[in-house]
């Protein structure tokens, strides 16, 4: 049974990543909608607050649960910088794909969003797994001389 889980570790991480991403999207939307609708905050400010809160949640839960990363101190700051690069590049790619498919190819904007989100999910997962939260192996000890 343990071999089964080791064999599908990558898939298990991807499913966790998608769960965290879906929850982050929900947090983002709830803050965006609530701040604008109930507190009369300008929708652009609401979008910024929603993005920030969901990004903090996303980083923290992916670090601790999805990738089980134990880095601390300055290494966390480095991870946060890498995570921000991945998230913002994903946002740029997502927007460009949606625009391109909708305006240039003529696909409905909702379908463009689904396609772009799928592609960018793999982008974000890959870079976060192999770059942001990569497990660093300690250097192998040299054999005694």
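The values are calculated or read from the model by the stated rules, or taken from the named source; none is laboratory data. Since this is a predicted model, take the numbers as computed values, not measurements. Here the Cβ is made from the backbone with ideal geometry for all residues, glycine too, and neighbour counts use every protein chain on show.
Here are a few things to note about the model shown:
Each row is one residue, and each column tells you yes or no for (1) closer than 23 Å to residue 15 by Cβ; (2) at pLDDT below 90; (3) not assigned by TED's automatic domain parsing to the domain that holds residue 28.
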| site | (1), (2), (3) |
| --- | --- |
| 64 | yes, no, no |
| 78 | no, no, yes |
| 91 | yes, yes, yes |
| 110 | no, yes, yes |
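- Single residue of region 83-135 satisfying the filter (outside any helix (DSSP H, G or I) and without any contact (Cβ under 8 Å) to a residue 40 or more places away in the chain) that is farthest from the chain's Cα centre (by Cα): 106
- Which numbered condition residue 20 fails, given (1) farther than 22 Å from residue 79 by Cα; (2) surrounded by 14 or more Cβ atoms within 10 Å (Cβ to Cβ); (3) at pLDDT 85 or above: (1)
- Residues (within 12 Å of the chain's Cα centre (by Cα) and at pLDDT below 90) located in region 49-61: 51, 54, 55
- Checked against the criteria, residue 62 does not count as within 29 Å of residue 135 (Cα to Cα), outside any helix (DSSP H, G or I) and touching a residue at least 24 places away in the same chain (Cβ under 8 Å).
- Output for region 30-44, where each listed residue is out of contact with any helix residue (DSSP H, G or I) (no Cβ under 7 Å at 6 or more places or on another chain) and either surrounded by 13 or more Cβ atoms within 10 Å (Cβ to Cβ) or in a helix (DSSP H, G or I) (or both): 30, 33, 34, 37, 38, 39, 44
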